[in-house]
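Here's the structure we're looking at; comments come further down.
The values are calculated or read from the model by the stated rules, or taken from the named source; none is laboratory data. Remember, predicted model here, so these are calculated numbers, not experimental data. No Cβ is skipped: glycine too gets one built from the backbone with ideal geometry, and neighbour counts run over all protein chains shown. Note: areas computed on protein heavy atoms with side chains; ligands, DNA, RNA excluded. Shrake-Rupley method; radii C 1.70, N 1.55, O 1.52, S 1.80 Å.
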Amino acid sequence: MTNRFQQVVVDGCTSNKARVTSGVPQGTVLGPLLFLTYINDIHEELSSTIRLFADDALVYRPIRSQVDADDLQNDINILTNWTRKWQMSFNTKKCYVMRAHRGKTGITHDYNMDGTPLTQVEHHPYLGVELQNNMQWSEHISTVKNKSTRVLNLMRRNFSRGTTVSTRDTIYKSLVRPHLEYCSSVWDPSNRTDVDKLEAVQNKAARFVMQKHRRRESVSAMKRELEWQSLQERRFISRQKAMFKAVHGLHALEIPPYVHKPSKPLRQQHPHTYAVMRANVNAYRFSYLPRTIRGWNLLPSFIVCATSFDVFSNRLVTSIAQGIIVITYPKQVPYVCASPLVVPTTGQPLFIY
């Protein structure tokens, strides 16, 4: 920036002008674009991977030896030099280090930024999702439950009286449920305890919407009357919708090259079947791709081979509503349809987790 000054006015008194030598004007339409242009070269000298979103930066790399740790520290030093060059600075109090590893101990290294030691954490939020060093989602699910419960309690205090069922239903779907489903395709829980934590919030919301708080009144009946799907079903549908879009190239999410078709044709498969991804640990087994592909392969062909995204969505939702597909918990699958190519006609549903 050149030839710019700023001053402050308080109670009619104006301060002296101060020269502004760097930065981006705030509150302007071009401000975000100018900021992104200003930091556009931040990644150029780094050997590690960097992810940028607005003013958030995430730097990471696999640490397999002390050399890798030294390389990461060198990248931090490069970022520090970059800030000096462009007259910016990182807030070291908001910079953290998190080691994600499976073992009890990993390769330790005391990282620092411009001589200031960086705080090491076991979990930390990134773009609204709580990441953990053990690659689990329990902290995030607890955070989601607590936050949505606080919002729901606020709604109960202010909208329990003088509102209709339709209004309260809209309030829940607009102000509470989005907290329960933000990025849920990524962190969709695989164990019953975490699933039930989230369903408990929706059960509480059903009582609020229907204004029926007696214990003998069935929450399940309330949700049927409101035509609410379980959150578990909604997360499954969300994952499969994203998979359909990826398979047909309808959005930026692409099927990675290591995901491929089965090497040998199987009797029980539809035209878009993918090879099951082998996993030795639950953190990977229940991550998005391995878990979603298992469910995708079991879907009936009349759903998977839909001619459009809307048709796919409608058929999937209808099949779950009619009990043709039942979403259950891992390791608790009592029955899997012998042929996923057709809708089961034996009266036994297709169980998927």
### Task
Go through segment 302-329 residue by residue and tally those that are of a type in the set (Val, Ile, Thr) and open to solvent by 40 Å² or more (accessible area, probe 1.4 Å).
5
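Among the listed residues Met113, Met135, Met155, identify the single one that is modelled with pLDDT under 90 and in contact with a helix residue (DSSP H, G or I) (Cβ under 6 Å, 6 or more places away or on another chain). It would help to see each step written out before you state the result.
On the way: Met113 fails: modelled with pLDDT under 90; Met155 fails: modelled with pLDDT under 90.
The match here is Met135.
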### Message
So for segment 224-233 (the condition being under 20 Å from Ser148 (Cα atoms), open to solvent by less than 30 Å² (accessible area, probe 1.4 Å) and under 17 Å from the mean Cα position of the chain (by Cα)), does at least one residue qualify?
### Response
yes
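Being assigned to a loop (DSSP other than H, G, I, E, B) and at pLDDT 90 or above, is that true of even one residue in segment 307-328?
In the first step, residues of segment 307-328 are kept if they are assigned to a loop (DSSP other than H, G, I, E, B); the result is 307-308, 322-324, 328.
Adding the requirement that they be at pLDDT 90 or above leaves 307-308.
Yes: segment 307-328 contains one or more residues that are assigned to a loop (DSSP other than H, G, I, E, B) and at pLDDT 90 or above.
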### Query
Do you know which of the residues in segment 99-130 that are among the hydrophobic types (A, V, I, L, M, F, W, C) and in contact with a Phe, Trp or Tyr (Cβ under 9 Å, 6 or more places away or on another chain) is farthest from Asn74 (Cα to Cα)?
Val129
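Output the residues belonging to segment 12-26 that are at pLDDT below 90, assigned to a loop (DSSP other than H, G, I, E, B) and open to solvent by 90 Å² or more (accessible area, probe 1.4 Å). Walk me through it before giving the result.
Just the residues of segment 12-26 that are at pLDDT below 90, to begin with: 12, 19-26.
After this cut, where a residue has to be assigned to a loop (DSSP other than H, G, I, E, B) as well, the list is 12, 21-26.
Residue satisfying the conditions is Gln26 alone.
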### Message
Going by what's in this entry, would His270 be described as surrounded by 15 or more Cβ atoms within 10 Å (Cβ to Cβ) and not in a helix (DSSP H, G or I)?
### Response
yes
### In segment 27-43, the residues that are touching a helix residue (DSSP H, G or I) at 6+ places or on another chain (Cβ under 9 Å) and exposed (fewer than 14 other Cβ atoms within 10 Å of the Cβ)
Thr28, Asp41
### Residue that is over 16 Å from the mean Cα position of the chain (by Cα) and in contact (Cβ under 8 Å) with a residue 40 or more places away in the chain, where the choices are Lys173, Lys197
Lys197
### Query
Tally time: how many residues in segment 19-69 are of a type in the set (Val, Ile, Thr) and over 19 Å from Met88 (Cβ atoms)?
4
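Condition first: among the aliphatic types (A, V, I, L, M) and either touching a His at 6+ places or on another chain (Cβ under 7 Å) or open to solvent by 60 Å² or more (accessible area, probe 1.4 Å) (or both). Can you find one or more residues in segment 280-287 that meet it?
Within segment 280-287, not a single residue is among the aliphatic types (A, V, I, L, M) and either touching a His at 6+ places or on another chain (Cβ under 7 Å) or open to solvent by 60 Å² or more (accessible area, probe 1.4 Å) (or both).
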### Message
Considering only residues that are in a loop (DSSP other than H, G, I, E, B) and among the hydroxyl-bearing types (Ser, Thr, Tyr), which ones fall in segment 27-55?
### Response
Thr28, Ser47, Ser48
#### Entry: Residue pairs meeting the criteria (Cβ under 8 Å; at least 6 apart or on separate chains; first of a type in the set (D, E, K, R), in segment 240-256; second assigned to a helix (DSSP H, G or I))
Lys241/Phe309; Lys241/Phe312; Lys241/Ser313; Lys241/Leu316; Lys245/Phe309; Glu254/Ala246
### Message
Which of the numbered conditions does Ala54 fail, given that it passes all the others? Conditions: (1) under 27 Å from Gln132 (Cβ atoms); (2) touching a residue at least 60 places away in the same chain (Cβ under 8 Å); (3) open to solvent by less than 80 Å² (accessible area, probe 1.4 Å).
### Response
(2)
### Query
For segment 1-11, how many residues meet the condition of being assigned to a strand (DSSP E or B) and either modelled with pLDDT of 90 or more or closer than 23 Å to Leu127 by Cα (or both)?
2
